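Readers should treat all values here as calculations from the given coordinates under stated rules, not as data from a laboratory. Predicted model only: the values in this text are computed from it and were never measured. Cβ placement follows ideal geometry from the backbone for every residue including glycine, while neighbour counts extend to all protein chains displayed.
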Amino acid sequence: MRTPRRSPALRAPEAIRAAYRDAREQAIARFRAHPDPDALTRALTAATDRALRALWRMHACASQASLVAVGGFGRREQFPHSDVDLMVLTEGRLEAAQARGIEAFIGACWDCGLPIGHSVRSVDDCVAEALADVTVQTSLLELRWLAGSRQRCSEALDRLGTILDPRAFFSAKLVEMRQRHAKYDDTPYSLEPNTKESPGGLRDLQVLVWIARAARLGTRWRELAAQGLITDREAAQLRRNERRLKRIRATLHIVADRHEDRLVFDLQAQVAHSLGIGGDDARRASEELMQHYYWAAKAVVQLNTIVLQNLRTALFPQHDARGEPIDALFRNVHGLLDANDPRCFERQPSSILQAFRTMQAHPELSGIATPTLRALWNARTRIDSAFRRDPANRALFLQILQAPRGITHELRRMNQWSILGHYLPPFRRIVGRMQHDLFHVYTVDQHILMVVRNLRRFTMPEHAHEYPLCSELMAGFARPWLLYVAALFHDIAKGRGGDHSTLGRIDARRFCRDHGLADEDRELVEFLVLHHLTLSSVAQKQDPGDPAVVARFAALVGTEERLVALYLLTVADIRGTSPKVWNAWKGKLLEDLFFAARHALQGHAPSTRTRVEAVRRDAAHLLSLYGLAQPSYARFWQQLDVPYFLRHEAQDVAWHVRALHAHVDTRVPIVRSRLSPIGEGFELVVYLPDQPDLFARICGYFDSRRLSVLEARIQTTRHGYALDTFVLVAPGGVAHSGEALRKVQEELARRLAERAELAEPVEGRSSRRSRHFPIEPSLELQADERGQRYLLSIVANDRTGLLYRIARVLARHRINVQTARITTLGERVEDVFLIDGETLERPRESRQFQTELLQALRA
């Protein structure tokens, strides 16, 4: 039988698709062999142009419309998986036949594998939208004819030229850029930066070209140099770093095989290997790649600052360039700090630090003038050992830290222009250093400066609502600048090997002695650096309600001043790791330990009897406010022993009594809930005759509902009832309505009444970050001081169903849970359980239990 011939109309799209695919694959293959990003983007643009023109001729040639490229495609920067941005320019309303032709063209584009984004507009529509939206203006700036009516394309460009106001465009793009930078935390040093949108990314360079194009000052770096906006050297730097960023972005697209602009952890090593960076070790390759990226991003931020400033001067010329004198070294030129003689930094190096101190002292200054920035950058190497030994320079640096304003801004500016690292050599070693863990999202230097920023916020009235206690404590702290010194050094020794707290303490001691700090101040700074993790560790892994824990911690701290300082640094530190690490529950734990330790340091020795009496008294008072007299709940109250009152606050006791006093001898499970008093998540209390596997059964229900446990307090009353309290959060932190809480109560009570077999755990999924930074699970089992109970500490990657897996192993070995403290640091879990059971007293069975538990953590 003869094969029927396909019509030319069917063959043509297949030929176009095949030609486009082949050209694209060849361009990528050439890039893999010789990673020239410009050659790649030009080749991809040309292949796309050919395909689009061929399809236009097939489907829309009868139309009087014009097919134009916009966006990155318009400027001939087509990356492997970028969208193909198109616009169809029409004279007016399309006739039916024309509309059908354009629709057929659009469908054919998708059939050929072209990832188009398209719009159909008349020239009048474009002009109207451009007048209302700077984004449309930007898109039309890069408009490029592809097919159809050239006249229509020229008309659009001409009319855009008549409405474009370069000054307004500059101001709008500046606002847009600041908003984008804020979205990415105003730092190029994120551990997973967006190569296009983050500060220091390709978008920052595009903004410069857009503004220059709008002002008719040029479209290429050499043209800006010819206009005197940048030097030839800066033009070469811009070109070099632009190519580096494009090379990384193109490789990202190829490695990910999708439109991916983020240098995410699980792609960093692959991108590095594709670019020939690093060896076989994935971690080292990732670090080297990111070092290359940070160098480029830092240079882009510096050059972006210089070029924007020069563009502003060109667009908003000021006739009086002499400015107002500030002192013998500097003047104010239109709100910018300018050196009277830029050579002063070479002749008198101490003026380098004086420039930043002057910025602090003059709030009317919005930045540093371009000639002065260039001179500072070139003079940075004058900061040598002799410079650092000079008492005048040491005094200047302390003045910067002690200034009433501008500390964070100037430290960041000093870091951006490589001044801070030259003055503090240990700091230079951690600039751009990645942190291979599951909770930091910034490089070490950016995390440190973020901690300084957080401490500074505690001093500012406009931020008092964020952390009222911290603002109150900071207001009463005599020398807050000592906290900034401690913040600068708390992580400065990361990456050296060994304990970074101990090594950082040595660096801090040397700094304090070199800068003439009093012994008392030096000792405080050393203490803070050495123990900057202690308060959070005790609060999250031990019980702040235990008088013995409080007494030990208070003895370690020693003074109330140290306690206040450590609390402030701890909150600032945790908040500076990642927005996801802090939550209200962690804040409550830190506060509880702080207040308990302060009470002890004020002379009130922690004692079990005192605490139990206080909780009972305060709870009874709260119950009286609800109209409950003591006789009405006396029988329930009698079932609560001393450990119960030690583990619970008065508000919790009052809630339990109100919810449960009428059910003292119930035979059916009672489950009650409330929104958490600290404003995050909700609390659940479970009350029923105790039964085997109860903790596992409850955790199994939480697992099935994807509820995360922050804390569990497991209590057995004197008459053998379980009284268990859980603090829970829903997936993504979504708040629970009253109806949802009632549903949880009913479902859990029903499940506990049924006493069904323990279900298999929900298949747990590790996050992308956890897969890139896997933690070898570990556990530690230690008897408490009395040898009656055991402290089980677990460290592992977080994932769905982990707590239930742990609970099943505990239940299988008949091990009882007394308390559980669940701590999640990003993707890292650090759980502490107080447990007992006969298995733990028998060495062989205890080893088997630990083996099975490790297997569950790895599963």
Work from the charge dipole of the chain (Cβ charges, +1 for Lys and Arg, -1 for Asp and Glu, about the Cα centre) and give the residue of A47, G74, G837 farthest towards its positive end.
A47
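With the Cα gyration tensor of the range 17-83 giving a ≥ b ≥ c as the square roots of its eigenvalues, does the rule (a/c under 1.5 for rounded; else a/b larger than b/c for prolate; else oblate) give rounded, prolate or oblate? Write out the running numbers ahead of the final one.
Details: a/c = 3.61, a/b = 1.79, b/c = 2.02.
Verdict is oblate for the range 17-83.
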Per residue of the range 373-381, in order, report the coupling 6.51 cos²θ - 1.76 cosθ + 1.60 (Karplus, θ = phi - 60°) as ³J(HN,Hα) in whole Hz, putting x for Gly and Pro.
4, 4, 5, 4, 4, 6, 8, 4, 6
Share of Cα-Cα pairs in the range 494-563 lying beyond 16 Å, as whole percent
56 percent
If I stretch the segment between Q602 and D232 completely, what's the gain in nm (0.36 nm per residue apart, minus their alpha carbon distance), one decimal?
126.6 nm
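Between E523 and H362, how high is the FRET efficiency from 1/(1 + (r/R0)^6) when r is the Cβ-Cβ distance and R₀ = 45 Å? Nearest 0.05.
Values: r = 35 Å, r/R0 = 0.78.
Efficiency, from the Cβ-Cβ distance: 0.80.
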First measure r as the distance between the Cβ atoms of R635 and Q402, then evaluate 1/(1 + (r/R0)^6) with R0 = 51 Å and state the FRET efficiency to the nearest 0.05.
0.25
How much length, in nm to one decimal, is gained on full extension between E776 and S793, taken as 0.36 nm per residue of separation minus their Cα-Cα distance?
4.7 nm
Mean projected area, convex hull of alpha-carbon positions in the range 792-859, reported to one decimal in nm², is 4.1 nm²
Please give, to one decimal in nm, the separation of the simple spin-label points placed at A478 and A128, each 7 Å out from Cα toward the Cβ.
7.0 nm
In Hz, Karplus ³J(HN,Hα) per residue of the range 13-26 (6.51, -1.76, 1.60; θ = phi - 60°; x = Gly, Pro)
x, 5, 5, 5, 4, 5, 5, 5, 4, 5, 5, 5, 5, 5
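Let me check I have the definition right: for the range 227-323, take the eigenvalues of the Cα gyration tensor, multiply each by 5, take square roots. What are those semi-axes in whole Å, largest first?
Values: eigenvalues 264, 33, 23 Å².
The three semi-axes for the range 227-323 are 36, 13, 11 Å.
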Compute the distance from the alpha-carbon center of the range 667-682 to that of the range 386-419, in whole Å.
51 Å
Taking 0.36 nm per intervening residue step and subtracting the Cα-Cα distance, what contour gain separates R100 from D618 on full extension?
178.7 nm
Under the 7 Å Cα-to-Cβ spin-label approximation, A740 and T162 lie apart by a distance in nanometres of 5.6 nm
Quick one: grab the alpha carbon gyration tensor of the chain, order the square roots of its eigenvalues as a ≥ b ≥ c, and give me rounded if a/c is under 1.5, else prolate or oblate depending on whether a/b is larger than b/c.
oblate
So what does log10 I(q)/I(0) come out to for the range 301-375 at q = 0.14, 0.25, 0.28 Å⁻¹, using the Debye formula with one equal point on every Cα and no solvent?
-0.42, -1.28, -1.45
How far apart, in nm, are the 7 Å Cα→Cβ label points at R239 and I506?
4.7 nm
log10 I(q)/I(0) for the range 647-687, Debye formula on C-alpha points only (no solvent), q = 0.16, 0.30 Å⁻¹, two decimals, reads -0.43, -1.14
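Hey, any idea what the orientation-averaged projected area of the convex hull of the range 566-702's Cα atoms comes to, in nm²? Could the numbers behind the result be given before it?
Working: hull surface 43.2 nm².
Orientation-averaged projected area of the Cα hull: 10.8 nm².
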Hey, which lysines would be in cross-link range of K541, C-alpha to C-alpha under 18 Å, not counting anything within fewer than 8 residues on its own chain?
K586, K588
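Among rounded, prolate and oblate, which fits the range 125-201 when a ≥ b ≥ c are the square roots of the eigenvalues of its C-alpha gyration tensor, a/c under 1.5 means rounded, and a/b larger than b/c means prolate?
Details: a/c = 3.76, a/b = 2.00, b/c = 1.88.
Since a/c reaches 1.5 and a/b is larger than b/c, the shape of the range 125-201 is classed as prolate.
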Sorting Q151, S274, L224 by the position of each Cα along the dipole of the chain (Lys, Arg +1; Asp, Glu -1; all at Cβ), the one nearest the positive end of that ordering is Q151
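Assuming R0 = 25 Å, can you tell me the calculated FRET efficiency for the pair Q348 and E324, based on Cβ-Cβ distance, to the nearest 0.05?
Details: r = 21 Å, r/R0 = 0.86.
Taking R0 as 25 Å, the efficiency between Q348 and E324 is 0.70.
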Taking the Cα centroid of the range 791-853 and of the range 522-561, what is the distance between the two, rounded to the nearest whole Å?
26 Å
